[in-house]
Amino acid sequence: MAQHDPGLAALVDGYHQFREDIWPERRKLFEVLARDGQHPRALVIACSDSRVDPAMVFNAKPGELFIIRNVANLVPPYEPDGEYHGTSAALEFAVRVLEVPRIIILGHAMCGGVHALLNGFPSTAQDFVAPWMRIANSARARALACDPVDAQTACEEETVKLSLRNLVTFPWVAERVAEGRLSLHGGSFDIRTGVLSMLGDDGNFHPA
């Protein structure tokens with residue numbers, strides 16, 4: 001199959017390089033992870049954008065981060081209605097099963113989902129993307145209410161704040177936060193400069 005798909009062949013070549021160069025160095029780590037299970041130091045909820053790799057941003061080793069990725073790094077509100085909720089299911093596993101001590105919502109510059117939220121969705125992104133991004137309608141409204149010079153950046157930051165607010169609608173998140181067993185953090189990575197900014201107590205983002 002790889003012979004007929006150059007892109008897949010390149011990925012398989014990457015796997016072979018991993019086995020030859022990286023696996024020997026990391027083998028003991030993976031053996032420990034396989035034996036003892038995972039105990040990640042944080043849950044990171046990030047965008048699916050291929051340019052933003054949370055493990056790379058935080059220079060994390062395998063087993064250190066439990067990562068959820070979706071369009072525009074959104075956390076939906078708590079809705080245990082028996083429907084399909086991929087982000088909420090992964091959140092529940094990380095918090096209630098793995099007992100992660102912290103959650104980081106990681107937004108980023110030049111987010112395509114936010115751009116579509118502000119400027120309209122293409123006809124090819126109507127089945128699932130447009131309904132999903134409705135979660136962030138209030139973030140859009142907040143961003144535009146202050147007449148920002150850079151609406152894109154303002155809305156990207158507001159989606160992080162919205163997701164943090166939605167996190168505490170999950171009772172088992174709110175309970176752990178109140179007890180001091182879980183902390184919540186917001187961040188934004190600028191893919192143009194490589195700068196990570198973290199949300200401060202003043203409600204603004206500051207370079208880490």
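The values are calculated or read from the model by the stated rules, or taken from the named source; none is laboratory data. This one's a predicted model, so the numbers in the text were calculated from it and none came from an experiment. When we count neighbours, we look across all protein chains shown, and the Cβ atoms used for this are built from the backbone with ideal geometry, even at glycine.
A compact table of results
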{"item": "Residue list for segment 106-133, restricted to those being in contact with a Cys (Cβ under 7 Å, 6 or more places away or on another chain), of a type in the set (A, V, I, L, M, F, W, C) and within 26 Å of Met56 (Cα to Cα)", "result": "Cys111, Val114"}
{"item": "Boolean, Arg140 is surrounded by 11 or more Cβ atoms within 10 Å (Cβ to Cβ) and at pLDDT 95 or above", "result": "yes"}
{"item": "Subset of segment 189-208 [not hydrophobic (A, V, I, L, M, F, W, C) and not in a strand (DSSP E or B)]", "result": "Arg192, Thr193, Gly194, Gly200, Asp201, Asp202, Gly203, Asn204"}
{"item": "Where a residue in segment 176-188 is part of a loop (DSSP other than H, G, I, E, B) and its partner, wherever it lies, is acidic (Asp, Glu), with Cβ under 8 Å and at least six apart", "result": "Arg181/Glu99"}
{"item": "Which numbered condition Arg69 fails, given (1) surrounded by 11 or more Cβ atoms within 10 Å (Cβ to Cβ); (2) under 29 Å from Arg134 (Cα atoms); (3) out of contact with any Cys (no Cβ under 9 Å at 6 or more places or on another chain); (4) of a type in the set (D, E, K, R)", "result": "(3)"}
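For every residue, the table says whether it meets (1) within 17 Å of the chain's Cα centre (by Cα); (2) surrounded by fewer than 16 Cβ atoms within 10 Å (Cβ to Cβ); (3) closer than 30 Å to Val32 by Cβ; (4) not small (Gly, Ala, Ser).
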position: Pro54; (1), (2), (3), (4): yes, no, yes, yes
position: Glu83; (1), (2), (3), (4): no, yes, no, yes
position: Phe93; (1), (2), (3), (4): yes, yes, yes, yes
position: Asp127; (1), (2), (3), (4): no, yes, no, yes
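Each row is one residue, and each column tells you yes or no for (1) within 17 Å of the chain's Cα centre (by Cα); (2) closer than 19 Å to Thr87 by Cα.
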site: Asn137; (1), (2): no, yes
site: Asp147; (1), (2): no, no
site: Cys155; (1), (2): yes, no
site: Leu164; (1), (2): yes, yes
site: Leu167; (1), (2): yes, yes
site: Gly180; (1), (2): no, no
site: Ile191; (1), (2): yes, no
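Each row is one residue, and each column tells you yes or no for (1) surrounded by 11 or more Cβ atoms within 10 Å (Cβ to Cβ); (2) without any contact (Cβ under 8 Å) to a residue 60 or more places away in the chain.
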site	(1), (2)
Asp21	no, yes
Leu29	yes, yes
Asp36	no, yes
Arg41	yes, no
Cys47	yes, no
Gly63	yes, yes
Gly86	no, yes
